[in-house]
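A short write-up of the structure that comes next.
Please treat every number below as a calculation from the coordinates, not as lab data. All values reported here derive from a predicted model rather than from experimental measurement. Positions of Cβ are generated from backbone atoms using ideal geometry, with glycine treated the same way; all protein chains shown enter the neighbour counts.
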Amino acid sequence: MHPVITASVPLLEPPGWALAQRELFDLLDRSWRRFADDFTGPDGELTYNGTLSSRDGGDDFYEVFFNWPQLYLLGGADDLLPASERHWEGVTRQLTELGMLKDEYERGYDWFHQGESLLLFYFLCMAAPERWAERATRFAELYVDPAHGNYDAEHRIIRRPHNGSDPAREGLSDTASYPWLPKEAEMYGFPLNWILPEGSETPPLDEDPRLGEQMRLRTGYGDTAVNLAATGLALNALILTGDVRYRDWITEYVGAWRERAVANGGVLPDNVAPDGTVGGLLEGRWYGGHYGWNWPHGWHSVGPAAAVAALAAAAATGDDSFLDLVRPALDEVIAHGKTIAFEDADSSLQSKWTIQLLDDVRTPTLHVPYRYGDEGWFDFNPMPLVVPAALWHHTAADADRERIERLRSASGIDWSIVRPFRSKEESGHEEPWYAFLAGDDPGYPERILAAAQAQVRHRLARMERYRGLDVPEADIHLWQQSNPVATEALVQLTWGGPQVLYNGGLQQARVRYYDAESRRPGLPSSVAALVSSIDPQATVVELVNLDPERGRTVIVQAGAFAEHTIAEVAYTICEDSSWIGDLYDYGHRQPSETVVSAEVGGPWLTVELPRSTRVRLTLRLDLRTRQPSYRTPFDAEQRGGTD
């Protein structure tokens, strides 16, 4: 019911990126099955015999599988979706028995961690919305409906830093002192050092209940900036249902934080007292809230949460001015940047950057302050491109791209370098991806696919070393660090999007795909895709059918949630078959390609790919012309329309 074009350019020499992409799909298919055999039980639960002694840990169980349904959506195996659903259900039962959940949802914990744990759930909703809609709306109602005790509509705040399904859970821990890990205390310090008498030494953080009491009273109540990530839960429900209540709640809650940022000179504050005043529990300080600017991570937690909320509000309303919730804070930390080598910085995130920078830890480059306290800005780290790239991808605005260009100019590190690492967030290669999109690095696709292969093979070796280990509570991150599913390269190259914002974002993409024959999301087998430009007026997608015998049919969707319109497509054709040569020719001629155009006028375009063919599509997109939705092209066919 939507336009159909047929590829006709012959595929003679398959491009290296296409072969590498399909090889990665094959390797990933073997790897997730191996992980399931080695580390999970028959009902999907993780093999774990211990207990959980604090409020921390539930996210670490879900995070193991966060990108498994994402791989299915990209084109992973048919049975990967039911496997992912089984693991969510198995882990949910497991965490309920461990006392972490109530009614299948986190009893009460901060949104830095809740956002991480919900990515698996969001991708399941994206892959099978009809099966997950009930849970999605039930979870969103915990925040949208004030009767559940999380939201104060009068003051437009979430009432506690630790929130969820159990309104009786208050404060930050169930112990008299804050449950510090010694390394955590050493790395991040005490967030309320200003309450100590001048000149006194900080008492042992893991033993002094007085400091724990101050943490509870001053940072355990009221709203905190990382709670902004809860908007992802409401946006997910809005996409599923279209119910304007979720849009209105996002608008109200994000709008309140935006007003507070404007009153603070544009920079988002990180705390609001129960009476609605910024700094009301911190003697007027706009900084110092739980998981805020001062402790423990600063920008690393505040920035992504603000970006999740800003993008959610913009997607829900169509009003991109909501992005000003995060832009001034981003520009503020950049403005305080300085050029130093990482080995000379006061970074509290050593483990993140040493593996990501490798030898460039000694290279002077732009570092920005992540944290703010009474003495001003501190904790300098390289400026990651995660949030700037998410903003630019959404708006395609010159100002958001120019910010990235300024960061590139200030960098002492070559952005075309692809380093062999897989961070917890399964992102971090935005800089070389951007260099590729800018036309400066045509070899990036093959290098990032090779890097992805290396990380999968490394994880398989880790799995072999640690299978059978009786995992103690202190080492539950082992599962995340052994998860062999690597999707960042596939998201960038096939969807033309950045990896999802890890602390609770929803996926961004210029395009997605459906297998028309199997009537499911993802690329069909033997088909590879490469997005080499995400300019809305010239989004370039190359599709290749590597199968020498069978044709494939791909439906191209504009946007992660069919929120864009494909106004027009220009595509390559080969109408002259003389390239095959005559009966007694020993070789072939170069096929002659021309370009034709077709009007589309909807979110979907069907591309027929006969055996051994390729096609280059140049899509002219009108961004965000439609309400984001989990509808599919097959739903539209059943209704007898294109939308």
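Distance between the C-alpha centres of region 495-510 and region 229-279: 20 Å, rounded to the whole angstrom.
Each other residue within a Cβ distance under 14 Å of Ala389 adds +1 if Lys or Arg and -1 if Asp or Glu, for a net charge of -1.
Positive-end ranking of Gly115, Leu98, Trp132 along the dipole of region 78-139, with charges on Cβ about the Cα centre, is headed by Leu98. Placing unit charges on each Cβ (+1 for Lys and Arg, -1 for Asp and Glu) gives region 511-639 a dipole about its Cα centre, and among Gly551, Pro536, Ala570 the Cα reaching farthest toward its positive end belongs to Pro536. Pairwise Cα distances in region 544-643 exceed 22 Å in 43 percent of cases. Per the Debye calculation on the chain with a single equal scatterer at every Cα and no solvent contribution, log₁₀ I(q)/I(0) for q = 0.11 Å⁻¹ amounts to -1.11. Using the Cβ of Pro432 as centre and a radius below 10 Å, the other residues enclosed give a net charge of -3, where K and R count +1 and D and E count -1. In this structure, Glu375 and Glu170 have a Cβ-Cβ separation that, at R0 = 22 Å, corresponds to a calculated FRET efficiency of about 0.10.
Of interest is the spacing of the C-alpha centroids, which for region 1-28 and region 516-544 amounts to 8 Å. In percent, rounded to a whole number, the relative contact order of region 327-429 is 27, using alpha-carbon pairs under 8 Å and six or more apart.
Axis of helix 398-410 versus longest Cα principal axis of the chain: the two differ by about 80°, to the nearest ten degrees.
Scaling the Cα radius of gyration of region 359-496 by the globular reference 2.2 N^0.38 Å produces a ratio of 1.23.
Cα centroid separation, region 172-211 to region 338-388: 24 Å. Spatially close Lys pairs in the chain, defined by Cα atoms under 20 Å apart and a spacing of eight or more places or different chains, total 4.
Measuring gaps between exposed loop sites in the chain (GluC sites (Glu not before Pro); DSSP loop; at most 14 other Cβ atoms within 10 Å), the longest gap, sites not included, is 1-153. The Cβ shell under 12 Å around Arg401 holds other residues with a net charge of -2, Lys and Arg each +1, Asp and Glu each -1.
Taken about its Cα centre, the chain carries a charge dipole of about 680 debye when Lys and Arg each add +1 at the Cβ and Asp and Glu each add -1 at the Cβ.
At 222 nm, what value in deg cm²/dmol follows for the chain if DSSP H runs of at least 4 each add -39500 (n - 2.57) and the sum is divided by all its residues, to the nearest 500?
Working: 19 runs with 239 residues, N = 643.
Calculated mean residue ellipticity at 222 nm is -11500 deg cm²/dmol.
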